[in-house]
Structure formats: C-alpha cells, structure tokens
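Colleague: Structure below; questions to follow.
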Amino acid sequence: MAVKPLAFRMRPAEIDEIIGQEHLVGEGKIIRRMVEANQLSSMILYGPPGIGKTSIASAIAGSTKYAFRMLNAVSNNKKDMEAVVQEGKMSGRVILLLDEVHRLDKTKQDFLLPHLENGTVILIGATTSNPYHAINPAIRSRVQIFELKPLEEREMRAAVERAIHDNGRGFGDKVIDITDDALGHFASASGGDVRSALNALELAVLSTKENEDGKIKITVQTAEECLQKKYFSHDKDGDAHYDVMSAFQKSIRGSDANAALHYLGRLIEAGDLPTIARRLLVIAYEDVGLASPQAGQRTLAAIESAERLGFPEARIPLANAVIELCLSPKSNSAISAIDSALSDIRKGKAGAVPDHLKDAHYKGAEKLGRGTEYKYPHSYSGGWVKQQYLPDTIKRAAYYEPKETGKFEQALKQIYEKLK
C-alpha cells in the first residue's frame, strides 16, 4: 500500500494537536467549547490554503469520535453525498468536510439542506473565498462562519519540528540533522502554509542520503531546493531586522518610493507580514498624519486585504500603500503634539481639572461648585464659546503646532488660529 504524504499523516487526530488558530480552538474558544460540550453545529472555515481547515475538521471528528468523510463540492456528485447521508442515518451523525463549498451547485445544496437541519450531517465547509460573498445564503444561514488565519513563524516551526520528531506519523524513526537556518526557512518561506512546508520537508528527507553516521543532513540549500524559494537572511531579533525596518520607514518619510519598495521587498522575502502591517500603520499616522488623513484609512484597507490574500498576492496591496505613503504630503504635528503633552504630564505639570469641567452628574455636585460655571458650547452661536479647559498651572500651554504640507491641515490651521 502506498505511503500517504507527510502532510496527510500529520493531520491532528484530536483538537489538542491543532497548531495555531487559538482564537477558535484555544481554551474557552468557540470550536473547543463545541467539542467539549459535544454540541456541534455546521460551520464554514475559510482562509488561505494549507492553514488548517481540513486539520480542524479531522480533529473535531477525532475528538468527538463521529464518523468523518471528505468530499469535494465540484468533483463529487450527489450519489457520493447520498452515501454520506445514509451513513449518518445509520450511525446517528456524520461529519462531512466539504472542500470548495463555495462551488456547491443547487442540486447538491437542496439535497443536503434538510439533513443539515435535522442533524444527520454536520457540515464543515472549507473555502478560500469569503463566504459572505461566495456562499449561497441558504447554506450560509444554517452554518457558523469562522475565519482561519495564516500561521505565525513560531507556529510553523512547531509544526515542522513535530513532523521531524513524531515516531508514528512523521520522521521520528530517522536521525535528521537539520540546521536552524533550514528549519527557519521551512517555517518562514511557506507563507503560513503548513502543507507546503511539510511537503518540502518530506521531499528534503526522502531525497537526501544518510551520511556515514546514519544522519540525514538538511541544510538551508536543501530547503531552498525543496521549497523552490531562496533563503533570505532576516533575523527578526537581530540588528539586520531593525536596520531594514528603520530604512523602510525613513525611505517613506523621505518620499523615496524606489528605496521604500526595495526595503518592502526584503521584508516580503522574509515573509514578515505582521511587521510590515504594523509599521505601515505607524507611518501612516506618524509621518503622513494630518497632512493626508485618508492615507491612514486606505493603508488599513490595504493591510486587511494583504492579510486576507496572504503571500504572494499580499505584495500588491502593500505596494499600493507604500507608494501612496511615499508620495503623500507629510506632517508629524499630531505625534509631536501628544508627545509634548505627555512630556508635561510626566514632569508633574498636570494640575487640577477646573471646577466648571468636573463631573456634575451626582447629588451634591452643585454644592461643591462642580460644573456650575460650565458653558455648553452648543448653546452659543457657531457652537463655540471662550472658556478655560486646561488646568490653571498650564492654562497657556500649546501642544499642537499645525503644518501646511497638506490641504487638510492647512484648513485645520486656519480654524486653530482663529480659535486661539
């Protein structure tokens, strides 16, 4: 009998073996609660390929001891589904993992619906498409929808190490000498796709001859060949990482789109989407800021698109965001203002809140003089009235210094100067 692929063999047999997806299977989270209570409901799992949709389905089945069957919405026909339903009737319940569920046609859908409703079949649909766009409403209304996220590098590393050392399903019966760079390459260069990493590991192990000591030596060069992706040195905890991040932000701040794209490319090659996302948001508000507030909103939209797409497609919205941030007008007035305010507070320049601004929503507040002299701006022409808001000790402090590098902040400056 043919040996099944490593990625297939390493699928978790129960929920405790799942790596990643803590927001769904961690202690107290929804899918774990379903399993522990033995109260399953049909669900759609969606996210990029190779991140655990089938693994979660098989783990649920293993943890609940229900029969588990896998079908494809396109390649399997109605007759195949009838067999699953019949098994569910015989055993009391069956879990059906239906891959590409977004491509389920009406005939198969109409057949399945009544069996989902009476609990004969627990459907776990798997799809890479957004179910709110791609799944028929009739199915969608009968299932829970859960989004899976690409695994982080530490989780990918754990999955690869487990496969190396597992005696029953992995390569625990072999002596594998893998360099840390090679292990890191399998973990980082697969873009959060466990299946891809394990397929590459399997190829590396099976295609490498044992040395004189009986060990299978896997180097980063072997990992590159088997994953078909070049190793890129990028230590997230080392100086090189911080140097690249620094150069990335300074290039955007300096409006050099070509340099910024270069450093973005280095971060992409390192597979470091979380760091890219965080830094771009910081830049949008620290360096572009009030000169172009819309840039922050569009940067967030680009990041969300990148996270949904995963690499390699994620590079496209990221490049859009980087180019826009580079060529946007720049203003650091907001960060300068809040840092100036924080500096005064940390130096002890705070002072008491003026009595007329204090909370007056309790009995006896008026006797204490709380809020009695407060002037409600909406009661005045133009929605503004002159009164003191800062504590007496710093009542003349000015933290915000507007710039004129964008039309939006130019307008803010006019209002600010007028109110002063």
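Colleague: Counting only residues that are small (Gly, Ala, Ser) and surrounded by 19 or more Cβ atoms within 10 Å (Cβ to Cβ), which one in the stretch 40-58 is farthest from Ala200 (Cα to Cα)?
Modeller: The selected residue is Ser42.
Colleague: Let me ask something else. Give the number of residues within the stretch 164-186 that are in contact with a Gly (Cβ under 7 Å, 6 or more places away or on another chain) and assigned to a strand (DSSP E or B).
Modeller: 1
Colleague: Tally up the residues in the stretch 187-207 that are part of a helix (DSSP H, G or I), at pLDDT 85 or above and not hydrophobic (A, V, I, L, M, F, W, C), please.
Modeller: Total meeting the criteria: 4.
Colleague: Also, I was wondering about something else. Given the residues Ala37, Ala61, Ala83, Ala13, which is the only one that is touching a helix residue (DSSP H, G or I) at 6+ places or on another chain (Cβ under 8 Å) and either surrounded by 15 or more Cβ atoms within 10 Å (Cβ to Cβ) or among the aliphatic types (A, V, I, L, M) (or both)?
Modeller: None of the other options fit; the residue is Ala13.
Colleague: Something else now. Listed residues Glu153, Glu147, Glu161; which is surrounded by 14 or more Cβ atoms within 10 Å (Cβ to Cβ) and under 18 Å from Val25 (Cβ atoms)?
Modeller: Glu147
Colleague: Something else about it: Would you say Lys29 is out of contact with any Asp or Glu (no Cβ under 8 Å at 6 or more places or on another chain), free of Cβ contacts under 8 Å to residues at least 12 places away in the same chain and farther than 20 Å from His102 by Cβ?
Modeller: No.
Colleague: Same structure again: If Ala341 meets every condition in (1) surrounded by 14 or more Cβ atoms within 10 Å (Cβ to Cβ); (2) among the hydrophobic types (A, V, I, L, M, F, W, C); (3) without any contact (Cβ under 8 Å) to a residue 40 or more places away in the chain apart from one, which number is that one?
Modeller: (3)
Colleague: Now for a separate question. Collect the residues in the stretch 268-293 that are of a type in the set (Val, Ile, Thr) and farther than 14 Å from Thr405 by Cα, keeping them in residue-number order.
Modeller: Ile268, Thr275, Ile276, Val282, Ile283
Colleague: Would you please name the residue that is modelled with the highest pLDDT, looking only at residues in the stretch 87-133 that are closer than 19 Å to Ser55 by Cα and of a type in the set (Ser, Thr, Tyr)?
Modeller: Once the filter is applied, the top-ranked residue is Thr127.
Colleague: With the structure loaded, tell me whether Phe146 is part of a loop (DSSP other than H, G, I, E, B) and in contact (Cβ under 8 Å) with a residue 24 or more places away in the chain or whether it fails that test.
Modeller: no
Colleague: Test Lys413 against the criterion of being surrounded by 15 or more Cβ atoms within 10 Å (Cβ to Cβ), free of Cβ contacts under 8 Å to residues at least 60 places away in the same chain and either within 30 Å of Gln294 (Cα to Cα) or among the aliphatic types (A, V, I, L, M) (or both), and give yes or no.
Modeller: yes
The values are calculated or read from the model by the stated rules, or taken from the named source; none is laboratory data. Note that the coordinates shown come from a computational prediction; the quantities given were computed from them, not determined experimentally. Using ideal geometry, Cβ is built from the backbone for each residue, glycine included, and neighbour counts are taken over all protein chains shown.
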